[in-house]
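Beneath this line is the structure, given in structure tokens, with notes to follow.
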Amino acid sequence: MSVGYRILACTCLTYVISQFYRSANAVIGPDLMRELHLSPEDLGILTGAFFITFSVSQIPVGIAIDRWGPRRTILVTLAIAFLGALWFANGDGLAELTAARIVLGFGCAALLIAPMVLFSRWFAPEKFATISGILIAVGSLGVIASTIPLAWFSAQYGWRNAFYVTAGITLVMGIASFFVLQDTPPNASTAGTDRASAKPETLAETMRGVAEAIGNPNFKYLFVMFFNVYATFITIMGLWSGPYLHDVHGLDSTARGQVLIYMAVASALSYFFWGPLDRIFNTRKWIIIPCTICQLFCVSVLAMLPGLGLLAATVIFTIMGVLNGITVVIFAHGRSIFPAHIAGRGMTALNIGTMGGAAFQQVLTGYLMGAVTPIGQQPNEFAYRVVFGIQALLLLAAIVFYLRVPDAKPHAAKP
């Protein structure tokens, strides 16, 4: 196996960890609420804390990637994730668990963008979406692990022991990353690869690179899609889908996991489907827009149709999983607007939208859920429809704004 594909395999497995940590609360959320006497607002804050800190850390992570390399950045953040998982396993009460989720957010902050920067150096540019799709697809095993496997393990051994196990896995992947990852190919002139500048930047130059990335005229149009598309999916998958199935359909943790695994598996497999499409159709924008409109339709159905049956809800959740794969094309569109020397800062700046949007939606919907739910009662179907309706409006606004961005075609037109 070539070095590039060894790097791909290693980073895929580390990304599994990040996906598990961000999604786990959907299954164990009702257990946390019962054991620790948490309100819906508390659960929203607890879950959103991961995404808030993940988002806040993107600029320093981007600077670290461009200044000290993706390998060192991944190693440091994995060590932080290990400590965060141990803290969460030992946490007692909202404050401690929220603090642990904050640490986990920092610990997972480099596990998507740093690998993408490595891919831009080790693989040809036209393969970026496909290789990134493989990363996210395999990483989605972490989402799958947070459904039936986590539900079963938590029922048998408790959710705390589940996090002790994942802490151990995080440590193992940190050791593997130390031996496998390499920042740049030995032949830096290989066609089609990006390369970090050999001359170290000063701090002023580093900050100018951040400003250059954010000042890109297409940045704002892409940022709104980063802010809303994945946020819509993960706020349902990683936060409200489990409580919804419990409160509206009366499912226990095992049954919730059995429903949500369809959504998780569909999401994982979808990246293999969406990744190559930009090369096949030679467009990114006109793949992203129709897919996002379909996602809007799914959320709107959840919001507008009262009395939705369990089978219908399961089908909609599964379709949303399939549609979530479009995020890899959005990342490819985002990567295309930045030159190599600011790739890390540019992608992490955009990724602030991905995780910041998730944090915003989770905290916002937590407060909305609490506002429409009588004190002392569990949320009813109307409360969940309000949450889904707000998500639909945010997604519609993002689509309208994104329409103004120019397309980014993988293959340049031949003269």
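How about the stretch 196-307: which helices (runs of 4 or more DSSP H) wholly inside it have at least 1 residues that are β-branched (Val, Ile, Thr) and touching a residue at least 12 places away in the same chain (Cβ under 8 Å)? Explain how you work it out, then say what you get.
Values: elements: 203-214, 219-235, 241-247, 253-274, 277-281, 285-304.
Helices (runs of 4 or more DSSP H) meeting the threshold: 203-214, 219-235, 253-274, 285-304.
Only one of LEU269, LEU277, LEU296, LEU311 is at pLDDT below 95 and under 26 Å from LEU245 (Cβ atoms). Can you tell me which? Give the derivation first.
Values: LEU277 fails: under 26 Å from LEU245 (Cβ atoms); LEU296 fails: at pLDDT below 95; LEU311 fails: at pLDDT below 95.
Selected residue: LEU269, the only one of LEU269, LEU277, LEU296, LEU311 that is at pLDDT below 95 and under 26 Å from LEU245 (Cβ atoms).
Take the residues in the stretch 349-407 that are under 30 Å from ASN216 (Cβ atoms) and among the charged types (D, E, K, R); name whichever of them is least open to solvent (accessible area, probe 1.4 Å).
Among those residues, the one meeting the criterion is ASP407.
Can you tell me how many residues in the stretch 317-348 are assigned to a helix (DSSP H, G or I) and open to solvent by less than 20 Å² (accessible area, probe 1.4 Å)? Full working, then the answer.
Residues of the stretch 317-348 that are assigned to a helix (DSSP H, G or I), as a first pass: 317-336, 340-348.
Cutting the leftovers down to open to solvent by less than 20 Å² (accessible area, probe 1.4 Å) gives us 317, 320-321, 323-334, 342-348.
The total comes to 22.
Can you tell me which residue in the stretch 1-48 is least open to solvent (accessible area, probe 1.4 Å), limited to those that are among the polar types (S, T, N, Q) and not in a helix (DSSP H, G or I)? First the steps, then the outcome.
Of the stretch 1-48, the ones among the polar types (S, T, N, Q) are 2, 11, 14, 18-19, 23, 25, 39, 47.
Within this subset, residues satisfying the condition of being not in a helix (DSSP H, G or I) are 2, 39.
Numbers: SER2: 63, SER39: 37 Å².
It comes out as SER39.
Conditions: (1) touching a Phe, Trp or Tyr at 6+ places or on another chain (Cβ under 8 Å); (2) closer than 16 Å to LEU302 by Cα. TYR402 meets all but one. Number of the miss?
Against the list (1) touching a Phe, Trp or Tyr at 6+ places or on another chain (Cβ under 8 Å); (2) closer than 16 Å to LEU302 by Cα, TYR402 comes up short only on (2).
Hey, among ILE74, ILE80, which residue is at pLDDT 95 or above, part of a helix (DSSP H, G or I), buried (at least 24 other Cβ atoms within 10 Å of the Cβ) and at negative phi?
Values: ILE80 fails: buried (at least 24 other Cβ atoms within 10 Å of the Cβ).
Result: ILE74 is the single residue among ILE74, ILE80 that is at pLDDT 95 or above, part of a helix (DSSP H, G or I), buried (at least 24 other Cβ atoms within 10 Å of the Cβ) and at negative phi.
Would you say ASP92 is among the acidic types (Asp, Glu) and at pLDDT below 85?
On the way: among the acidic types (Asp, Glu): yes; at pLDDT below 85: no.
For ASP92, the condition - among the acidic types (Asp, Glu) and at pLDDT below 85 - is not met.
So MET173 fits all but one of (1) open to solvent by less than 80 Å² (accessible area, probe 1.4 Å); (2) farther than 19 Å from ASP31 by Cβ; (3) at pLDDT below 90; (4) assigned to a helix (DSSP H, G or I); what number is the exception?
Against the list (1) open to solvent by less than 80 Å² (accessible area, probe 1.4 Å); (2) farther than 19 Å from ASP31 by Cβ; (3) at pLDDT below 90; (4) assigned to a helix (DSSP H, G or I), MET173 comes up short only on (3).
Considering only residues that are in contact with a Lys or Arg (Cβ under 9 Å, 6 or more places away or on another chain), among the β-branched types (Val, Ile, Thr) and within 22 Å of GLY334 (Cβ to Cβ), look in the stretch 118-148 and name the one that is surrounded by the most Cβ atoms within 10 Å (Cβ to Cβ).
This residue is VAL143.
The values are calculated or read from the model by the stated rules, or taken from the named source; none is laboratory data. Source: prediction; values computed, not measured. Every residue, glycine among them, receives a Cβ derived from its backbone with ideal geometry; neighbour counts consider all protein chains shown. The accessibility values were calculated without ligands, DNA or RNA, using every heavy atom of the protein model including side chains. Shrake-Rupley method; radii C 1.70, N 1.55, O 1.52, S 1.80 Å.
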